[in-house]
Amino acid sequence: MIVCIAEKPSVARDIADVLGAKEKKDGYIEGNGYQVTWTFGHLCTLKEPHEYTPNWKSWSLGSLPMIPPRFGIKLISNPTYERQFHTIENLMQHADMIINCGDAGQEGELIQRWVMQKAGARCPVKRLWISSLTEEAIREGFAKLRDASDFQPLYEAGLSRAIGDWLLGMNATRLYTMKYGQNRQVLSIGRVQTPTLALIVNRQLEIQNFVPKQYWELKTVYRDTTFSAILRKSEEELVLEAEKQKEAIAAGKKPKKEEENRGIDPITDRERGLALLDQIKNSPFTVTDVTKKEGREAPLRLFDLTSLQVECNRKFAYSADETLKIIQSLYEKKVATYPRVDTTYLSDDIYPKCPGILKGLRDYETFTAPLTGTALLKSKKVFDNSKVTDHHAIIPTGQHPQNLTDMERRVFDLIACRFIAVFYPDCKFATTTVLGEVESIEFKATGKQILEPGWRVIFGTPSAQSQEEKEEKGEEENVLPAFVKGESGPHVPDLYEKWTQPPRPYTEATLLRAMETAGKLVDNDELRDALKENGIGRPSTRAAIIETLFKRNYIRKEKKNLIATPTGVELIQIIHEELLKSAELTGIWEKKLREIEKRTYNAGQFLEELKQMVSEIVMSVLSDNSNRHITIQAPAPEKGGKNSASSASASDKPKKEPKKRAPRKSAAKKTETATTDSLPAAAEQPASVVQADELVGQPCPLCGKGTVIKGKTAYGCSEWYVPQAVLVKSIILFRLYISTMGQPLVLVLFLLSPTALLLPLV
């Protein structure tokens, strides 16, 4: 019997239908020589610390770093998962062959390999590698089954990533929680999570520290057209342009023609602006040059997961997580291809299938009809085998979409329109630039005119871009009147007061782009190249990372803007190990993981280097004697906008250790997932986090200057160096203060007159 194992029940049903397996059993479908079973995503995970040694169950700085001599996996504690695993185990023990039908990617490979290892599978294993769930794709995939050994490097890279995230997440989370968390909140640290938070925090601090500067713009209106005075570029702008020119040449692009740096210096004081205004107001405006340049604009690129999430956030305010769930649903409904992709290209073998896909888009016949019966355009910007790795861009499958929700319909519409558009001709436009002069001061006006809309007819002219995109690029599309070189006439000049603007806060859309292009922030050329392909995190995990930041109360949402909470800000500021909050660490990892996939780097060496790094981080933090702490705040209610991740789900809540004594309830109930970024395993919290001490971190009730600190046997004040008599009094008052907890009347009396109760106590 051949056992096929899919990642989800719905996928298993699709595969079973194609294979002719019709008989439904408990946890699998049987027939025609096949038994088709399934997982529920991750059934197994890496073991938790205490499962390697009991000493690691309690959280203590002395137990760090935690580095198991050998990592192991376990079943996730869930009755449904356990029951399904036992079914899988029984099938695999009696199988003649196993076909791994998991999602075709690193994570999918890891999920199924762990299950097969846990089940003790011994028979030969083949791999099904497909990008869509249509009947045609499944049949084609089974006709081209590959040996499992071909994907061993992929598994090793995925395993290295998982172990790496465990080592860093478990150790750093415990380290920072015990060192800086005031025993009141788990401070989650992760390779991807922390640099992402750093992006938000750094942008927020940049906005807060921004000092607006006043400047003025000199403009004039001639023949109902606004002309702006040409400004000289600063030295910084010239340097940046030179760097971009070098990058373009290195990438094989044609360098831009150097332009003369002409114009007036920026106007930074009003008196000078008024003087320039007075200089030109009584002189005529003369047109000195009129140029018209025609250009072409290629269709918008096909979607990868990140660009789809960005577009859905901009157009519909969908969160990254919502978009991922929607496109996953479209994939399972067989109307869209595999979603967790990081390329916008198609492989050459897809081209012959494109007419059939277009024919299946019956709701879009207005746009597909002009393409029927003609040879479809085949652009290198769309079809390029060298740009496709595991999967191609997200496109329709050609199956007619039925029973879609409104949200699914909107997302499918984006995908379908992008796909149709790539077979349309380029948009042709003309850009007109008019130069003018008044008293040796040069002015310019630019207009853009669509000559042939081409692909833009699908989205509507004049532009397929959102208003937000146009604002970001500063693009305007307008038609200028016909100007003739040498013409002259009256004009109406004016001086406009302006202020420099701070950068905008991140939205989910702009944050996703920043995570994708994080390589720009890395100085090392090799690491920057590694991040060009991967950025911070993977397309499939970026949504979950943002959701985790919400759950940890590190960020919140104001309308569409992402705002770092005081806890999030202070966490980034307290981390002195720059590598932990930099995209550089991810760049290092991604480079090495890719080399593991290519068999040019050893997974064992990767883990040894990682163990060394974790040990160094632990030693560095433990040597910090600054007595710094992080402010803990309760989650704030969301202001405007949707946030599905504002509160932790029940599955995220940790187990609590039995309490030996509970003199008072903690106000701080927290959630904690120890591995942070991508691992599903959860670790128990330290009892001290669950039973938080509200006194710690509060202002000293005696001096009012220091804060309450807690030693092994007593409380004290951070401003501890005081005369002995005062110190004795402080101890007495602290004892009284604590003893009155839960006794409102006595506490009020104490607060009104602490000395009145001092003598009876002594």
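The values are calculated or read from the model by the stated rules, or taken from the named source; none is laboratory data. Everything numeric in this text was worked out from a predicted model, so none of it was measured. Heads up, the Cβs are rebuilt from the backbone with ideal geometry, glycines too, and the neighbour counts pull from every protein chain shown.
Observations on the structure shown:
Residues checked against (1) among the polar types (S, T, N, Q); (2) within 30 Å of P401 (Cβ to Cβ):
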position: Q117; (1), (2): yes, no
position: C123; (1), (2): no, no
position: L128; (1), (2): no, yes
position: L145; (1), (2): no, yes
position: F151; (1), (2): no, no
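- The criterion of being surrounded by 14 or more Cβ atoms within 10 Å (Cβ to Cβ) and assigned by TED's automatic domain parsing to the domain that holds L218 does not hold for R410.
- Boolean, I15 is in contact (Cβ under 8 Å) with a residue 40 or more places away in the chain, over 30 Å from L607 (Cα atoms) and either assigned to a loop (DSSP other than H, G, I, E, B) or out of contact with any Asp or Glu (no Cβ under 6 Å at 6 or more places or on another chain) (or both): yes
- Considering region 87-126, the residues that are polar (S, T, N, Q), closer than 17 Å to Y155 by Cα and over 28 Å from the mean Cα position of the chain (by Cα) include one that is surrounded by the most Cβ atoms within 10 Å (Cβ to Cβ), namely N100.
- Remark: P493 matches the filter, which requires a residue to be of a type outside the set (V, I, T) and either in a helix (DSSP H, G or I) or at pLDDT 90 or above (or both).
- The residues in region 576-622 that are part of a helix (DSSP H, G or I), at pLDDT 90 or above and among the β-branched types (V, I, T) can be counted, and the count is 5.
- Helices (runs of 4 or more DSSP H) wholly inside region 262-376 that include at least 1 residues being under 39 Å from the mean Cα position of the chain (by Cα): 305-316, 320-332, 354-360, 365-368
- D26 meets all of the listed conditions (1) surrounded by 18 or more Cβ atoms within 10 Å (Cβ to Cβ); (2) more than 35 Å from the chain's Cα centre (by Cα) but one, namely (1).
For (1) outside the structural domain of T45 (by TED's automatic domain parsing); (2) buried (at least 19 other Cβ atoms within 10 Å of the Cβ), each residue gets a yes or a no:
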{"residue": "T134", "(1), (2)": "no, yes"}
{"residue": "E140", "(1), (2)": "no, no"}
{"residue": "F151", "(1), (2)": "yes, yes"}
{"residue": "E156", "(1), (2)": "yes, yes"}
{"residue": "I163", "(1), (2)": "yes, yes"}
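- Yes/no for S379 being surrounded by fewer than 18 Cβ atoms within 10 Å (Cβ to Cβ), farther than 22 Å from D413 by Cβ and in contact (Cβ under 8 Å) with a residue 60 or more places away in the chain: yes
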